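One structure is given here, and the rest of the page talks about it.
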Amino acid sequence: MQRDDTILAPDTRPTTARDDTLPAWLLLAPFLVAFGLFFFLPALETFWLSLTESSLTRTSAFVGLDNYHTLLHDPSFWDSVGNTFYFSLLTVIPLCALGLLMAMLVDRFTGARGWLQGTFFLPFVLPISVMTLIADWMLQPSSGVVNHILGGQRAWLADPYLALPAVAIGTIWWTVGFNMLLFLAGLRNIPAELYEAAALDGARGFTLFRTITWPALRPVVSTAVILQLIASLKVFGQTYILTSGGPFNTTRVALHYMYETAFTQSDAGYAAAVAMAFVAIVILLSLLQAWIVKWLAGRDA
Amino acid sequence: MARRGFPRAAALVAILFLVLAGVGAPARAQVEVRMWTLLSGGDGARMRALVDDFNASQHDMRVVSTTLKWGEPFYTKLITASVVGAGPDVATIHLSRIVNLAGGGVLRPISPGELATAGLRGDDYLPRQWAKAQYEGRTYAVPLDVHPLVLYYNKTLAGKAGLLDADGKLKAIEGVDALTDAFRAATERTGRRGLTMESSQSSYAIWRLWLSMLAQQNVTIIRDGRFTYGPAGAATLARIGDWFTKGYAQSGLDYPASTSQFMGGNAAFMLNGVWEVPELVRATKAGTLGFDYGIVPLPRLYANASTWADSHGFALPANPGHEPSPEKVRAVLRFVAYVSKHSLGWAEGGHIPAYRPVAESERARSLMPNAMYAQAANDVVYDPDGWYMGAAGPLEAIASKFLPAALYGYLTPAQAVHRFETEAARLVRKRPPRY
């Protein structure tokens with residue numbers, strides 16, 4: 001989960017007055033240069049790499065689409081994509097729902113607002129190494145606090161059925177604070193008059209939420225879901241540190257497979273193909289999600 | 001008074017300064033040799049002691065050693081650094097990785113002439129290990145040791161189980177049934193585990209034992225990019241798995257948990273490499289072990305007594321564009337020769353020295369507990385040759401994911417072997433990488 005997910009691209013639509021074009025480009029230039037140098041060019045190079053047979057430092061042959069052909073029939077790749085989706089399924093909805101719930105709690109209990117907000121947000125500031133260390137201690141089979149509370153001696157991270165859910169729970173605890181902040185900002189943007197007017201009409205409790213809070217929050221929700229989806233699809237650090245992809249690959253996600261092919265197996269060409277294929281999948285999913293959100297909004301209107 | 005004294009004082013200080021500077025500067029520039037090692041723990045401390053002794057023994061050169069994380073991270077770093085010319089002057093490697101490193105262009109061959117200038121000759125090294133340091137007719141490393149898999153036993157527990165002879169030594173165990181019986185007897189008669197070995201996910205111990213047991217049946221694992229073990233692969237893994245499913249050994253223990261089970265007197269036998277010897281020696285000396293121990297080579301379970309082993313060795317990274325000067329090569333080999341000749345200190349880490357004048361010396365022969373398993377060196381098998389083979393290499397990494405799962409019952413032995421093969425298939429078909 002990387003924090004730079006929060007940086008949204010600036011609005012590049014031309015403004016009404018023509019004279020504004022030059023300053024706009026000047027302001028954009030630093031971003032465009034950085035984007036080109038550190039993102040676009042490397043992405044192009046990765047695409048080129050994916051058409052070759054390469055080790056970590058040397059290209060030995062141009063192989064065309066061979067790597068992609070291998071990829072289609074590589075169960076390890078599809079398993080890792082499946083694990084990534086499963087992880088996203090386990091994290092995206094709970095993270096958004098819990099974030100919203102926490103935001104509403106913080107918003108409601110004005111007396112303890114600062115304290116609640118700080119407590120909920122605190123885990124998010126931890127570096128991944130600290131977060132995984134804490135999660136690992138908590139999940140230890142014989143000495144961990146989780147088994148102490150639940151009873152039993154479950155080896156969470158060594159169990160093929162429990163390992164990925166356990167990593168997902170750790171991730172939710174770690175990053176939910178960020179979503180809470182997003183929703184909190186959304187909640188504070190809802191004019192109090194709306195609630196007052198609704199209250200005069202006799203609305204209360206869940207009706208207020210259904211008729212005012214939820215519709216007003218819709219744009220924030222869709223932003224949160226898409227940011228979360230992308231972040232979850234990009235999962236790497238937690239599973240790499242906590243389980244190294246084990247037990248027997250049940251927690252090996254797509255980026256981890258890419259890392260393994262590139263670094264353990266020195267197959268940079270194939271790793272690049274894995275990366276490109278996965279980027280394509282992420283883009284398709286994001287488009288699909290944007291389309292669904294639009295369609296839902298259109299249906300409501 | 002003070003004012004008159006000042007010029008004289010200044011002159012004195014200046015003279016003192018010059019004298020000090022003159023003493024401080026060596027007659028010739030000191031050659032600095034940078035070494036990367038993957039040796040940590042007791043091995044790391046022993047290597048550091050050898051480096052310090054060497055640095056103290058002369059003033060022409062100085063070895064600066066950096067320890068990196070064992071396994072895949074070390075080799076990834078060594079490979080990438082060395083092929084772009086940023087590698088160290090010398091590195092410790094596993095001889096099982098020679099095909100990978102020499103074939104991939106990571107290492108620089110060492111000529112017989114260069115070896116001779118340091119007083120090193122191939123004949124002075126154990127022949128099997130010297131051969132393992134060659135690739136396509138050239139020498140790519142100077143062997144340091146052999147470290148085989150051995151069987152440790154707790155004399156108190158083995159005695160209770162009736163497994164010791166009149167001298168208090170382990171009665172000979174022959175055949176896999178006999179070994180299984182020994183584990184069963186120890187488990188049933190002592191109330192402790194019969195065996196302990198590392199078996200958690202991504203542990204390499206199962207691979208080492210599996211390879212040994214297959215080699216004992218004269219079965220190879222892989223040849224020309226094809227898996228050649230046939231039904232013996234799953235059958236052998238099933239024999240190991242039996243010990244866990246029947247409760248003779250506890251499944252899922254990671255490395256520290258498995259060794260502390262033995263050290264704590266809670267398991268009669270331990271299957272592990274010789275690198276645990278120093279810890280047993282230390283605990284015995286400190287009086288904290290609580291039992292007498294013995295060590296034997298891995299028993300003959302099938303047709304022969306093959307035992308997995310690996311070796312450390314010193315190698316020179318290629319560093320293209322920054323090839324080492326003849327002076328640097330001489331300095332590196334001088335250090336390597338020093339370590340070879342002083343490898344008795346290294347043997348205290350449980351390793352069998354590869355330098356014959358040391359290995360065959362009376363002191364090494366009588367060194368305990370090494371003497372108990374010294375004969376294992378005659379029966380060692382390495383990982384088969386292949387660019388994907390060797391310590392923490394890509395194939396071992398894949399095996400270490402699936403083979404342990406067969407011991408917990410999440411996969412059957414046949415499934416585990418099949419999934420290992422499926423995932424490794426792309427790797428073994430690939431052309432060897434030139435890094």
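The values are calculated or read from the model by the stated rules, or taken from the named source; none is laboratory data. Everything numeric here is computed off the predicted structure, so don't read it as measured data. Every residue, glycine among them, receives a Cβ derived from its backbone with ideal geometry; neighbour counts consider all protein chains shown.
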Count, please, the residues in segment B:372-398 that happen to be of a type in the set (A, V, I, L, M), within 12 Å of another protein chain (Cβ to nearest Cβ), under 19 Å from the mean Cα position of the chain (by Cα) and surrounded by 21 or more Cβ atoms within 10 Å (Cβ to Cβ). 2
Pick out the one residue from A:T264, A:T239, A:T243 that is more than 30 Å from A:A97 (Cα to Cα), within 14 Å of chain B (Cβ to nearest Cβ) and of a type in the set (V, I, T). A:T264
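Residue by residue, here is whether (1) touching a residue at least 24 places away in the same chain (Cβ under 8 Å); (2) surrounded by fewer than 18 Cβ atoms within 10 Å (Cβ to Cβ); (3) within 24 Å of the chain's Cα centre (by Cα); (4) under 30 Å from A:M276 (Cα atoms) holds:
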site: A:E196; (1), (2), (3), (4): no, yes, no, no
site: A:L200; (1), (2), (3), (4): no, yes, no, no
site: A:L208; (1), (2), (3), (4): no, yes, no, no
site: A:L217; (1), (2), (3), (4): yes, no, yes, no
site: A:V220; (1), (2), (3), (4): yes, no, yes, yes
site: A:V225; (1), (2), (3), (4): yes, no, yes, yes
site: A:K234; (1), (2), (3), (4): yes, no, yes, yes
Test result for B:V336, within 25 Å of B:M47 (Cβ to Cβ), β-branched (V, I, T), more than 10 Å from chain A (Cβ to nearest Cβ) and in contact with a Pro (Cβ under 9 Å, 6 or more places away or on another chain): no
In segment B:325-339, what count of residues is obtained for those that are buried (at least 18 other Cβ atoms within 10 Å of the Cβ) and touching a helix residue (DSSP H, G or I) at 6+ places or on another chain (Cβ under 7 Å)? 5
For segment B:401-410, give me the residue count where each residue is at the interface with chain A (Cβ under 10 Å from one of its Cβ atoms) and part of a helix (DSSP H, G or I). 5
In segment B:180-199, what count of residues is obtained for those that are crowded, with 22+ Cβ neighbours inside 10 Å and of a type in the set (S, T, Y)? 3
Which of (1) of a type outside the set (K, R); (2) assigned to a helix (DSSP H, G or I); (3) within 14 Å of chain B (Cβ to nearest Cβ) does A:F31 not meet, given it meets every other one? (3)
Name the residue, out of A:L229, A:L285, A:L296, that is away from every other protein chain (no Cβ under 12 Å) and either without any contact (Cβ under 8 Å) to a residue 40 or more places away in the chain or assigned to a loop (DSSP other than H, G, I, E, B) (or both). A:L296
Quick check on my filter: what residues within segment B:74-95 are of a type in the set (D, E, K, R) and either farther than 19 Å from B:R330 by Cα or at the interface with another protein chain (Cβ under 10 Å from one of its Cβ atoms) (or both)? B:K77
Do you know which of the residues in segment B:411-423 that are surrounded by fewer than 20 Cβ atoms within 10 Å (Cβ to Cβ) and facing another protein chain (nearest Cβ under 10 Å) is nearest to B:P320 (Cα to Cα)? B:T422
Return the residues of segment A:109-134 that are more than 18 Å from A:I172 (Cβ to Cβ) and touching a residue at least 24 places away in the same chain (Cβ under 8 Å); say none if nothing qualifies. A:S129
Among the residues of segment A:161-173, is any surrounded by fewer than 19 Cβ atoms within 10 Å (Cβ to Cβ) and within 14 Å of chain B (Cβ to nearest Cβ)? yes
In this structure, is A:P160 under 30 Å from B:T422 (Cβ atoms) and in a loop (DSSP other than H, G, I, E, B)? yes
Of the residues in segment B:424-435, those that are facing another protein chain (nearest Cβ under 9 Å) and part of a helix (DSSP H, G or I) come to B:R426, B:L427
Being at positive phi and of a type in the set (D, E) narrows it down to one of B:D254, B:D242, B:D224, so name that one. B:D224
From (1) modelled with pLDDT under 95; (2) hydroxyl-bearing (S, T, Y); (3) within 30 Å of A:W291 (Cα to Cα), pick out the condition that doesn't hold for A:Y257. (1)
